[in-house]
Structure formats: C-alpha cells, structure tokens
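Asker: For reference, the structure I am asking about is given below.
The values are calculated or read from the model by the stated rules, or taken from the named source; none is laboratory data. Just so it is clear, the model here is predicted, and its values are computed rather than measured. Here the Cβ is made from the backbone with ideal geometry for all residues, glycine too, and neighbour counts use every protein chain on show. With ligands, DNA and RNA removed, areas are computed over all heavy atoms of the protein, side chains included. Shrake-Rupley method; radii C 1.70, N 1.55, O 1.52, S 1.80 Å.
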Amino acid sequence: GPVLVVFNPVASEREDAVEATVRFGGAAPLAVRVLGPDGREVPAQVVARDGSEAKLVFVARVAPVSFSSFTVLPASSPRRSELAVSRSMLANARYSVAIDTNGDVASVLDNEAGRELLASPLRLQLFGDEPRKWAAWEVEYSALAAPPREVVTGPAAIRVVESGPARVAVEVVRHAAGSTFTQVIRLAAGGDRVELLTDVDWRTPGTLLKAAFPLAATSETASYDLGLGVATRGTNRPNLYEVPAQQWADITDAGGTFGAAVLNDSRHGWDKPDDHTLRLTLVHTPSVVPSWSWLDDQKSNDLGHHRVLMALAGHAAGWRTGRIPLTAERLNQPLVAWQAAPHPGELGRSFSLLAVDSPAVAVRAVKLAEESDEVVVRLQELADKATSGVTLRFARPVTA
C-alpha cells in the first residue's frame, strides 16, 4: 500500500496524532490499517474522501528528530475504537470531557490525576476595548477588571465531526456580537491534552476577545513560559495585569498536588483575574479615542479570520513533573507526513538525526557555524536545576 514518511522536528521521542493526505491507485477506501516502522498497527481512521484521495488521521510513535515510514493498507472496516464521543462528551484513556448545552467545555476529568481540572465552564469573553491613548498597544486595567460585556453562548450548533480509533472531535458553532465562533474540541488515542481548535470570523469593533480557563487548581501565582525561561507572576493588579508568555501558562495548586496548563500555538497576551483563572487574549480591536487621522486604520485591527489552537493539559505535582514544556512544544511543532514512493531505502524504516537522553533538557537549535564546518547545538535545561551526565547522540559518531 501507499507509504507515508512522518517527520518529528522535536528532539524527544513522542506519540501524537498526525494528519496526512494519501492518494490511492483507485477509489479511496472507507477504512484503512496503518502499520508503523516496526510493523505494528497503530490507531488510524479516514476523515474525508475525494475520489482517489483520502485524508487520514493516525497516531504515530516516533524517535527524536526523525523520519519514519508508515504503510497504509485499505481495510473493509475501521478497527474497534477505545475512544468515546457524542454531542455532549468526549473521552480517551486520560480525559473525560463534558460539553454543556451552551456549547462550552463544562468539565475535564483527568483520570490520571483523579481530579476535575475545571472550576466552571471554559468561556469566550468579550470586553469593551476603548483605551484612552495608544489604542493599538494598550489594554487597560479597567477593561479587564470589569465583568465581560458579553459571553459567547448558545444557541449552539453541535455535531460530531470525527469518530474513530485515532481521534474524536466535536464541532461547536456559535454567534455573538456580529462574529462567528467555531470550536473543534478533540481528543487523540493516548493523548495527554484536550485540544480546542478555535476559528473566529471576527466582525466586532471596539472589543477585546479572551478565552477564559477557570481552573480547579488555586494559587496566588501562575507560571508563564518565556521561551528560554519561566516567569512566576501574581494575580492582576493595576500596574501588572496583561502579561506576555509564549507557548503555555500554568496554575499549580497551592498544595502542590496537581495543576493544569493552558497551551497555545499563536497568541502571547495573558492575564490572571483571580487565584484560579487564566485568560488568553485572542483578538484586540480597539475603539480609537480620540480619532486622530493616522490612527483611523486601527479601528479595523484584527477584523477578519483567526485560527488559534489551544489545549488544556493536567498534571500531578507541578509543571516540571508534568513535562509541560515538551507538551507545548509538541503542540507547536506537529508531526508532518507526506506520501513517498516505496523503496528499500538505505536508512531503514526509521532514522533519527539526533537525540538528547534527558527529559530535563531540550534541543532548541541545530545549525552550521557561519565561519567553519562545525555544527552548533543550542541546549536548554527545563527544570531550573543542575542536570549532569546529559548525552547528545547524532546519527553519525561525534569525532571532536
């Protein structure tokens, strides 16, 4: 059958859902079997068909910074799924997710931690956005300290859009303040996070849109990813409220027994209005007061189409124990798959370019030196403590 090559850009072994389009010799089959590099079958499903092409989702376990080949075989029926889905719930081995009649995620039970992760439903909140000056740059404390002007709610059009052994997904479509909000809530087989793929057709001027995550964990502080470090900050106050973070932010319960991280792939403004809620700014379309001529174009800031992938990941103990930096990196660096002609390649069915043997260390860059033939590798220690005996392995032996 067709062969797919899966590339893992992350320097850690991982298991994640991967999407691929496959062209078959004849009509695309209704179901498939996908075999990994070791010949074992992995969870896989067909999510769309168009003539000889099929869009697949399958779960791949792959080596660090590697290329791996997976074989696709037509099947008469899907294999039995261990996932569950309906218009009001999704479940895998790790999480049980409930969706309420408003279309909000109302409960996320983390079976591994034995904890409910939410204090109340996740919400999309709209705030008045009328900064007194520097409208394109400023988000004012008074705007975030006030209750939302509006919350995205029902009526919600809810339907199951994926149901198979690799991934389940529910689509929720809602309207508010002239804008349209489409969220796909999804869980993968073996997945360690609840994903919320959010599409917004934004037509609402004078408004700030935030995704609110009211968590069960409570703490006076939250941890924010700075890319090459982590900052700890408190709850909003007049001189420090909207704060930066890169791929994730986390609240670990003051008791230290559990917590939850919010991950995302493209937004960087956060706030913490109380001791248990993280909010991520998705859209900022301020009203301009006064309307200076050179600022008029700011009234259309962000109007149009937005797509943001967010996720919620629970953990026992703190974010270090939960390996949240790696989870966020996997969200931001998805596995990539493409079809290749089958051939007896010299590199075998899986080939890893490099790997680091400590989960506390990440490879952040690999590049050729500018003025020599040397290779530069940038490493980052993730847990804020000394890590010794770390081994970096390449595909070829290191000579010097």
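Asker: Using square roots of five times the C-alpha gyration tensor eigenvalues, list the equivalent-ellipsoid semi-axes of the chain in whole Å, biggest first. Kindly include the intermediate steps, with their values, before the conclusion.
Answerer: Details: eigenvalues 271, 153, 93 Å².
Semi-axes (√(5λ), whole Å): 37, 28, 22.
Asker: Of the chain, which part is the longest with no GluC sites (Glu not before Pro) in a loop (DSSP not H, G, I, E, B) and with at most 15 other C-beta atoms within 10 angstrom? Before the final figure, lay out each step's value.
Answerer: Details: sites that count: 13, 82, 112, 138, 220, 346, 370, 371, 374.
Between the exposed loop sites, the longest stretch runs 221-345.
Asker: Moving to a separate point now. Filter the trypsin sites (Lys or Arg not before Pro) in region 187-274 to those in DSSP coil with at most 14 other Cβ atoms within 10 Å of their Cβ, and list the result. The partial results should precede the final answer.
Answerer: Details: sites: 193, 203, 210, 233, 267; in loops: 193, 203, 267.
Loop-located and lightly packed - 203.
Asker: Going from most exposed to least, what order do 181, 394 have by accessible area with a 1.4 Å probe? List each step's numbers first, then the result.
Answerer: Working: 181 0, 394 65 Å².
Correct descending sequence by accessible area is 394, 181.
Asker: If you take the Cα atoms of region 163-211, find Rg, then find the Kirkwood Rh from the mean of 1/r over all pairs, what is Rg/Rh? Please report the intermediate quantities before stating the final value.
Answerer: On the way: Rg = 13.8 Å, Rh = 12.4 Å.
The Rg/Rh ratio comes out at 1.11.
Asker: Using 1/(1 + (r/R0)^6) with R0 = 30 angstrom and r between the beta carbons of residue 173 and residue 7, what's the FRET efficiency to the nearest 0.05? Walk me through the numbers before you get to the answer.
Answerer: Values: r = 33 Å, r/R0 = 1.10.
With R0 = 30 Å, the Cβ-Cβ based efficiency is 0.35.
Asker: While we're looking at this one, here's another question. Between region 238-263 and region 344-358, how many Å separate their Cα centres?
Answerer: Rounded to whole Å, the Cα centres lie 36 Å apart.
Asker: Would you mind computing, in nm to one decimal, how far apart the modelled labels at residue 333 and residue 307 are, each placed 7 Å from Cα along Cα→Cβ?
Answerer: 2.2
Asker: Let me ask you something else. When the convex hull of the C-alpha atoms of region 136-182 is computed, what volume per residue in Å³ does it have? Don't skip to the answer; put the middle values down first.
Answerer: Working: hull volume 6.8 nm³, N = 47.
Cα convex hull per residue, to the nearest whole number: 144 Å³.
Asker: Mind checking the full-extension length gain between residue 274 and residue 228? Use 0.36 nm per residue of separation minus the Cα-Cα distance, one decimal, nm.
Answerer: Values: separation 46, 0.36 × 46 = 16.56 nm, distance 2.64 nm.
Full extension from residue 274 to residue 228 adds 13.9 nm.
Asker: A further question on this structure: Rounded to whole Å and sorted largest first, list the principal axis extents of the Cα atoms in region 1-118.
Answerer: Result, largest extent first: 46, 35, 22 Å.
Asker: Using a 1.4 Å probe and counting only protein heavy atoms, arrange 270, 338 so the residue with the most accessible area comes first.
Answerer: 338, 270
Asker: Using the Kirkwood formula over every pair of different C-alpha atoms, what hydrodynamic radius in Å results for region 280-400? Don't skip to the answer; put the middle values down first.
Answerer: On the way: mean 1/r = 0.0502 Å⁻¹.
When all Cα pairs of region 280-400 are included, the Kirkwood radius is 19.9 Å.
Asker: Ok, one more. Please list, or write none, the lysines whose alpha carbon is within less than 20 Å of the alpha carbon of residue 272, excluding same-chain residues fewer than 8 places away.
Answerer: 210
Asker: Oh, and also: Please build a GNM for the chain, connecting alpha carbons under 10 Å apart, and tell me which residue among 16, 250, 302 fluctuates the most.
Answerer: Evaluated over the chain, the most mobile residue of the options is 302.
Asker: For the chain, modelled as a GNM with alpha-carbon contacts under 10 angstrom, which of 207, 182, 387 fluctuates the most?
Answerer: Judging by the Gaussian network model, the answer is 387.
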